[in-house]
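Asker: Before we start, here is the structure in question, set down as structure tokens.
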Amino acid sequence: MTNQLDQCTQLCDNIEKKYPDQIEDIVLIKAVMLWRLNKNSEAIDLLKKFIYEQKRPTAKLNCTLMAVKLLLMQNNTNEAITLLQNLGELKYKLGIVSTLVTLYLNINNFKAASDLFNDTLSWYSQKEVDNSKITILLKQLAKLHLREQDPKEAAKRLSRLLELNPTNKKFLAQLIIAYTQFDPEKAQEYSKQLPPLDLQDTDIDLLENTNWMMGSKLIKKSTLKPDAAGYLNKFILLKCCVCFKVHDN
């Protein structure tokens, strides 16, 4: 196997002399060869040396991703994050953002994940892009705030989502659910935009067991009585639950 490595290195060096513009591919080949020989640390060192020598992020993207993969195989999350952060504006690509957010949350760094989402939103807002990418980012940021039990911040993102997608009843229902946790009057106001609820056509048992964004069985048959405590909010939540059921089909 050592002879194979020597032969591979010599061949790559010859190719590099003839085709210097293919340097990143050559480095990747060398790194893969080292990895196949169970020399992960050497492969990472080779990739990092190339990465930090390159000033242009586009010239080192694939090597960065390869190094990140090898680092994560060694459970070295912090160094993997550092390499991804070093990608300049390429770190705002949605795939990179998603990877970074996952890594931040794995080390319980919610602030870094939230800051990255906000920075990425600002970056895309300055570019001439369609709303689809901004919609994806807002959805994930709202989900992140709900996960951290921050419905006020989630409501801000969901309001923006609704502005961009005014006919999307699912976003409307999610916004209402967020408001029910801190501003019932606004929840009631927005609920007027939901389709009317026909209880005769509603499968209450199915709605009871719907695994939706709040993660609990908020709707029960007993809450449908007009004199029950909290009737209004629970009725609004039922309408939202119906909305999720309809738009998930």
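Asker: For THR99, indicate whether it is within 18 Å of the chain's Cα centre (by Cα), surrounded by 13 or more Cβ atoms within 10 Å (Cβ to Cβ) and either at pLDDT 95 or above or β-branched (Val, Ile, Thr) (or both).
Answerer: yes
Asker: Oh, and also: Residue pairs, Cβ under 6 Å, 6 or more apart or interchain, first in the range 1-24 and more than 14 Å from TRP35 (Cα to Cα) and of a type in the set (Asp, Glu), second at pLDDT below 70 and part of a helix (DSSP H, G or I). List them.
Answerer: none
Asker: Quick one: which helices (runs of 4 or more DSSP H) lie wholly within the range 37-110 and hold at least 2 residues that are closer than 23 Å to VAL129 by Cβ?
Answerer: Answer list for the range 37-110: 61-73, 77-85, 94-106.
Asker: For the range 57-71, indicate whether the set of residues that are out of contact with any helix residue (DSSP H, G or I) (no Cβ under 9 Å at 6 or more places or on another chain) and either of a type in the set (Lys, Arg) or free of Cβ contacts under 8 Å to residues at least 40 places away in the same chain (or both) is non-empty.
Answerer: No.
Asker: Can you confirm whether the range 76-89 contains a residue that is farther than 30 Å from SER125 by Cα and in contact with a helix residue (DSSP H, G or I) (Cβ under 7 Å, 6 or more places away or on another chain)?
Answerer: no
Asker: Could you go through the range 112-125 and let me know if any residue there is outside any helix (DSSP H, G or I) and either surrounded by 20 or more Cβ atoms within 10 Å (Cβ to Cβ) or within 13 Å of the chain's Cα centre (by Cα) (or both).
Answerer: Within the range 112-125 (the criterion being outside any helix (DSSP H, G or I) and either surrounded by 20 or more Cβ atoms within 10 Å (Cβ to Cβ) or within 13 Å of the chain's Cα centre (by Cα) (or both)), the answer is no, since none of the residues qualifies.
Asker: Could you identify the single residue in ALA113, ALA31, ALA67, ALA59 that is outside the structural domain of CYS12 (by the TED database) and not acidic (Asp, Glu)?
Answerer: Result: ALA113 is the single residue among ALA113, ALA31, ALA67, ALA59 that is outside the structural domain of CYS12 (by the TED database) and not acidic (Asp, Glu).
Asker: Take ILE81 and tell me if it is within 18 Å of the chain's Cα centre (by Cα) and surrounded by 14 or more Cβ atoms within 10 Å (Cβ to Cβ).
Answerer: The answer is yes for ILE81.
The values are calculated or read from the model by the stated rules, or taken from the named source; none is laboratory data. The structure presented is a predicted model; accordingly, all values stated were derived computationally and were not measured. Positions of Cβ are backbone-derived with ideal geometry, glycine not excepted, and every protein chain shown enters the neighbour counts.
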